[in-house]
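K.L.:
Okay, here's the structure, questions in a sec.
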Amino acid sequence: MKIDINSDMGEGFGPYRVGDDEALIDVVSSANIACGFHAGDPVIMGRTVQMAKDRKVSIGAHPGLPDLMGFGRRMIQMDSAELEKHLIYQIGALQALAAAAGHRVTHVSYHAVLGNMAEGDRAIADLLARAIARIDRSFIVYSMPDTEVERASERAGLRAHTLFLADRAYDEHGALVPRKVPNSVLTCHDAVARRVQQFLDEGTVTSIDGKKVKVRARGILVHSDTPGSAELARTVRQTVEKGGGVVTPPSEFLA
């Protein structure tokens with residue numbers, strides 16, 4: 001099976017860094033690049049694009065709410081026009097930097113609260129998906145499975161790529177456990193390897209309360225701000241390849 005290994009990157013600002021992008025870029029097949037609103041700046045974005053191009057890693061825009069102080073994890077009330085234009089602005093910024101580097105943006109992956117808003121609200125999901133389709137109908141939209149983001153993407157004529165989050169705990173309904181809950185973020189290599197193997201073998205994940213939950217995905221994500229993210233991503237890749245899987249971006253296997 002062809003499997004995408006994905007991570008969020010470029011999530012620093014000025015001299016500050018979040019995650020070891022230089023190490024992660026050697027492991028993943030696709031990268032979601034912060035576009036300056038929740039993290040990132042033009043220099044970081046350009047550097048991350050260049051690293052991805054040099055290593056033949058697929059890149060996507062990782063738009064978030066305009067919340068540098070809160071890393072895009074705080075709710076900001078915005079009307080439809082504001083949400084739409086903030087999304088378009090961020091995608092366009094990354095497209096320009098990618099074009100200047102001779103690379104190409106192929107996907108969009110919403111960050112944090114922006115993603116939460118779209119996952120549970122059909123109107124917001126449709127608004128964002130239609131905006132993406134107007135920019136480039138070849139874009140792939142990254143999503144958790146069975147969410148409004150996935151359904152809205154398909155309604156807008158876009159391809160959806162669903163992800164299994166290797167370093168985050170799930171509840172019994174297949175939703176992510178909030179970060180404030182103990183053990184919601186996984187950093188143990190053995191635990192992550194077991195979760196990935198279970199996902200590959202059964203298409204399931206064991207929830208935080210011990211129940212098996214179906215997960216329909218073709219990509220595996222490791223967050224760059226999870227402690228030891230680069231080594232966790234290597235563990236994921238080793239587990240996939242040991243089982244005979246081929247690590248490749250979704251543009252190589254999505255119809």
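The values are calculated or read from the model by the stated rules, or taken from the named source; none is laboratory data. None of the values given here were measured: they were computed from a predicted structure. For neighbour counting, all protein chains shown are included, and Cβ atoms are generated from backbone atoms with ideal geometry for every residue, glycine included. Heavy atoms of the whole protein, side chains included, go into the accessibility calculation; ligands, DNA and RNA do not. Shrake-Rupley method; radii C 1.70, N 1.55, O 1.52, S 1.80 Å.
K.L.:
Note down the nm distance, to one decimal, between modelled labels 7 Å out along Cα→Cβ at K85 and at Q197.
P.N.:
Distance between the two pseudo-spin positions: 5.3 nm.
K.L.:
Moving to a separate point now. Using a 7 Å offset from the Cα along the Cα-to-Cβ direction at both T206 and N183, what is the distance between the two label points in nm, to one decimal?
P.N.:
Label-label distance for T206 and N183, simple model: 1.0 nm.
K.L.:
Further question on the same structure: At 24 angstrom or more along the helix axis (alpha-carbon based) and mean Kyte-Doolittle of 0.0 or higher, what helices does the chain contain? Whole DSSP H runs only.
P.N.:
80-101
K.L.:
If each residue of separation counts as 0.36 nm, what is the full-extension length gain between R216 and Q77 once their alpha-carbon separation is subtracted?
P.N.:
46.9 nm
K.L.:
At 0.36 nm per residue, minus the direct Cα-Cα distance, what do D171 and D225 gain on full extension? Give it in nm, one decimal, please.
P.N.:
Once the chain is fully extended between D171 and D225, it gains 17.3 nm.
K.L.:
Treating only the Cβ atoms of Lys and Arg (+1) and Asp and Glu (-1) as charged, compute the dipole magnitude of region 1-133 about its Cα centre; round to the nearest 20 debye.
P.N.:
My answer is approximately 320 debye.
K.L.:
Hey, another quick one. Multiply the residue gap between A23 and K2 by 0.36 nm, knock off their C-alpha separation, and tell me the result in nm, one decimal place.
P.N.:
Working it through step by step, the gained length comes to 5.3 nm.
K.L.:
Using a 10 Å cut-off on Cβ atoms, rank the peptides 218-225, 42-49 from the highest mean neighbour count down.
P.N.:
Highest to lowest by the protection proxy: 218-225, 42-49.
K.L.:
Moving on to the next point. Provide the packing ranking of 242-250, 189-197, i.e. peptides ordered by the mean count of other C-beta atoms within 10 Å per residue, highest first.
P.N.:
189-197, 242-250
K.L.:
Using the basic label-point model (7 angstrom from Cα toward the beta carbon), what is the T248 to R137 distance in nanometres?
P.N.:
2.5 nm
K.L.:
Moving on. Sorting check: for 150-159, 5-14, which peptide has the highest mean count of neighbouring beta carbons within 10 Å, and how do the rest follow?
P.N.:
My ranking of the peptides, most packed first, is 5-14, 150-159.
K.L.:
Further, regarding this structure: Please list, in chain and number order, the residues 5+ apart from A160 or on another chain whose amide H is under 5 Å from its amide H, with Hs placed from the backbone.
P.N.:
Amide H neighbours of A160, under 5 Å, 5+ apart: V141.
K.L.:
Here is a further query. Hey, what's region 93-225 come to in accessible area per residue, 1.4 Å probe, Å²?
P.N.:
43 Å²
K.L.:
Taking all protein chains together and a probe of 1.4 Å, list F37, F199 from the most accessible to the least accessible.
P.N.:
My answer, sorted largest first, is F37, F199.
K.L.:
Of (1) 42, 38, 38; (2) 56, 35, 29; (3) 56, 43, 41, which one was derived for Cα extents along the principal axes in Å from the structure shown?
P.N.:
From the options (1) 42, 38, 38; (2) 56, 35, 29; (3) 56, 43, 41, the structure gives (1).
K.L.:
Could you tell me what percent of the accessible area of the chain is made up of carbon and sulfur, with a 1.4 Å probe and every protein chain present?
P.N.:
53 percent
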